[in-house]
2 protein chains.
Amino acid sequence: MNDKSTALPGQLNISPRLLLGPGPGDVHQRVLTAMATPLLGHLDPQFLTIMNETQEMLRLAFQTKNLLTFPISATGMAGMESCVVNLIEPGDRMVVCINGFFGGRIAEIAERAGAVVTRLEAPWGQVFEPNVIRDFLKKVRPKVLAIVQAETSTGAWQPVEELGKLCHEFDALLLVDAVTALGCVPLHLDAWEIDAVYSCSQKGLSCPPGLSPVSFSKRAVEAINRRKTKVQSWYLDVTLLQKYWGAERFYHHTAPITMIYAIREGLRLLLEEGLEARWTRHMRNYRALKAGLLALGLEYSAAGGHQLPQLNAVKIPAGVDDVSVRKHLLSEFGIEIGGGLGDFKGKVWRIGLMGHNSRPNCVLEVLAALEQCLQNQRYVFEAGGGVAAANYQYNGSGEPQATACTSPTAPR
Amino acid sequence: MNDKSTALPGQLNISPRLLLGPGPGDVHQRVLTAMATPLLGHLDPQFLTIMNETQEMLRLAFQTKNLLTFPISATGMAGMESCVVNLIEPGDRMVVCINGFFGGRIAEIAERAGAVVTRLEAPWGQVFEPNVIRDFLKKVRPKVLAIVQAETSTGAWQPVEELGKLCHEFDALLLVDAVTALGCVPLHLDAWEIDAVYSCSQKGLSCPPGLSPVSFSKRAVEAINRRKTKVQSWYLDVTLLQKYWGAERFYHHTAPITMIYAIREGLRLLLEEGLEARWTRHMRNYRALKAGLLALGLEYSAAGGHQLPQLNAVKIPAGVDDVSVRKHLLSEFGIEIGGGLGDFKGKVWRIGLMGHNSRPNCVLEVLAALEQCLQNQRYVFEAGGGVAAANYQYNGSGEPQATACTSPTAPR
């Protein structure tokens, strides 16, 4: 084998992109700049300060005082696995609410951890009513109930504010998937009595993928302390990780220094803006995008009143070719939107306006480009209708409506 | 809780460092520049090309044709866990060779995976002789034998070239920890019949921590395919990961895009230089550093003939205060060296010359600074002796010797 190949790949040379899919979104320039900072050692006193600052800001972002709050050194799915394997011992009962792709994944991971899983299912795009959850808690009496706040596969926004109290009535712990929620929509760990949560770096926080912020309540920590068996994963064992992130600074693994620089800057951006202002911004741009999408004749896949502002999943109209449209968007405009996942493969597009990318120019750009793609597909509507509707929404007020344009006709 | 704190941490503002500990080392400027590249989506055709290029270069770096070769999306310790949990099913026998901190860690992770572990121990700083390993293979008949090629805690360089054949005589798989080896010292996966290996991004490859390159031989893959139970970790299940990194591109998790940019550049740097040239450079700078350290009266903790060029562990002389010296190095010179780990805590210093940092200026700088620190500690030797011995070595030839200077006296 030739170790000094003459055909090595060249310098990184990529075409510009606007990332409006389900994540990653574009990284904020301040985050990129922070990542160009030379490394510190992972036990350098300066780095320990950075770790503390990151944890403190993460607590604010999650609205919690939980001591056990830090980013797992891997992507969001490792955060999911970390929450599951720390809370679950083989034989423990767990209810997993499944109304999309990621609920199903929690169940799969829980089974690998030895949980006895009860699946509470709802149609994709729907959300769960508290009384249905209550029935399952009563019937199953699980140790943990898991639910996805922001289902990235369907765009459904699950209300979770009442579920902590409900779970605690039945002595269950509430585990919430906030991968697509953090930094986009309200999330109040302490007030909502959430016991364990995981998120990611590449969506609401506008950092590259690679970290998964987690947080565990006092109740969750007590459950972990009562374990009779060791956590099956050494890498994801939060009791060991706490000794590294906490005052002891006990060496566990080498923290991904540059990614910590990144999330620290992403959290600074979030808190400088303010959580309320951030959430309001996401709603404003969602309303404009929605007005435009409706004007283009597109229909949301998530139930009305439960649509995520940061993840707009719309049904692909009959006769329109999924892949052609997304390829055209990418090659002609450099715009990435997401295709469907699992049951929704080929059936929906997912347009993300997350963190830094929840901006009017992203809204107008994707609507204008999508219009061209749909015209290419001979799916007909009034020219400029999407952009006009979005602008009307930005300049006016009220709920998004399709009335600014004539409705599209069926594809012909 | 106030979400818009007036006391947010400021912009990242760190003092310059020269990282000469056990890793991370300093990141090469070309890697930092690559990391400032805007994101691509993780399923973008351009990114899929980058993934392929990264895998191809990683195969060259590991000197293997193994299909199952890619970076795990987490740090080196997750690579360790990934190798263990994929190869081991509950009840499987495993021999773990322990002559330092990291061997012990493999055993701990293997036990969490349900392995029946037999510990083959040697004093810290020593290496294992093949006949001892043969005896254990014969006696235990394990499914897997694990050994550390470059023990970062002791600086011992374990020969592994004959161990693959030896393990295969007894139908065992050979698992090698190459965390500190890759990109620094020879490693020939195929020629040496290594079945599974893991490494990291922040040592020989001069990238930030955050990725763990792994590779599995055909024999290992067959063993994985014969498993009767699912791999306990979903995140680290290489059968699922192979579908993501392979032709199927089956969504598993969101790849840490920016870290992949980084390792691609780190691998380009390695292969542009050439593996042989890289290994020779590490030996050359090691010889100079060693000459200098001996001239300062310091003694290596690893056995002669088995010292890693990239990780120089030396005993802290009696009467010299570990922490004071390292603090002085850091505050006065911005130089980080490593303290001892586990049994060697407070007993050794670890000086790393890894990848980009295996350079004459690093050697001379650390020797000059260390001399000042040792003088501060009233540990006496001929002034300038360390630097002089290193320069003599650079300009001359032969094995490092302390004869260029008078030997230091005992501390007084």
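Yes/no per residue for (1) more than 14 Å from chain B (Cβ to nearest Cβ); (2) surrounded by fewer than 24 Cβ atoms within 10 Å (Cβ to Cβ):
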| residue | (1), (2) |
| --- | --- |
| A:Phe136 | yes, yes |
| A:Lys139 | yes, yes |
| A:Leu173 | yes, no |
| A:Thr180 | no, no |
| A:His188 | no, yes |
| A:Ala191 | no, yes |
| A:Pro213 | yes, no |
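When each of B:Asp237, B:Asp322 is tested for being more than 24 Å from B:Pro360 (Cβ to Cβ), touching a strand residue (DSSP E or B) at 6+ places or on another chain (Cβ under 9 Å), surrounded by fewer than 24 Cβ atoms within 10 Å (Cβ to Cβ) and acidic (Asp, Glu), the lone residue that passes is B:Asp322. Just to verify a result, which residue in segment B:258-276, among those that are in contact with an Asp or Glu (Cβ under 9 Å, 6 or more places away or on another chain) and either within 24 Å of B:Glu81 (Cα to Cα) or of a type in the set (Gly, Ala, Ser) (or both), is nearest to the other protein chains (Cβ to nearest Cβ)? Per the stated criteria, the residue is B:Gly274.
For segment A:223-243, the condition holds for no residue, the condition being that it is assigned to a loop (DSSP other than H, G, I, E, B), closer than 22 Å to A:Gln63 by Cα and more than 9 Å from chain B (Cβ to nearest Cβ). Do you know which residues across segment A:26-58 are facing chain B (nearest Cβ under 8 Å) and either of a type in the set (Val, Ile, Thr) or in contact with a strand residue (DSSP E or B) (Cβ under 7 Å, 6 or more places away or on another chain) (or both)? Answer for segment A:26-58, where residues must be facing chain B (nearest Cβ under 8 Å) and either of a type in the set (Val, Ile, Thr) or in contact with a strand residue (DSSP E or B) (Cβ under 7 Å, 6 or more places away or on another chain) (or both): A:Asp26, A:Val27, A:Thr33, A:Thr37, A:Leu39, A:Gly41, A:Asp44, A:Ile50. The number of residues in segment B:221-241 being among the hydroxyl-bearing types (Ser, Thr, Tyr) and over 17 Å from B:Tyr198 (Cα atoms) comes to 1. Does at least one position in segment B:143-162 carry a residue that is surrounded by fewer than 24 Cβ atoms within 10 Å (Cβ to Cβ), under 22 Å from B:Val85 (Cβ atoms), touching a helix residue (DSSP H, G or I) at 6+ places or on another chain (Cβ under 8 Å) and in the same structural domain as B:Phe62 (by TED's automatic domain parsing)? Within segment B:143-162, one or more residues are surrounded by fewer than 24 Cβ atoms within 10 Å (Cβ to Cβ), under 22 Å from B:Val85 (Cβ atoms), touching a helix residue (DSSP H, G or I) at 6+ places or on another chain (Cβ under 8 Å) and in the same structural domain as B:Phe62 (by TED's automatic domain parsing). Residues in segment B:383-401 include none that are at pLDDT below 95, within 30 Å of A:Phe250 (Cα to Cα) and not basic (Lys, Arg).
Of all the numbered requirements in (1) within 14 Å of another protein chain (Cβ to nearest Cβ); (2) closer than 16 Å to A:Leu236 by Cβ; (3) surrounded by 23 or more Cβ atoms within 10 Å (Cβ to Cβ), A:Glu89 misses one, and that requirement is (3).
Kindly evaluate B:Leu174 against the criterion of being closer than 21 Å to B:Met77 by Cβ and assigned to a loop (DSSP other than H, G, I, E, B). In short, no. What are the residues in segment B:244-257 that are more than 9 Å from chain A (Cβ to nearest Cβ) and touching a residue at least 40 places away in the same chain (Cβ under 8 Å), if any? Result: B:Trp245, B:Gly246, B:Arg249.
The values are calculated or read from the model by the stated rules, or taken from the named source; none is laboratory data. Model, not experiment: these values are computed from the prediction. Positions of Cβ are generated from backbone atoms using ideal geometry, with glycine treated the same way; all protein chains shown enter the neighbour counts.
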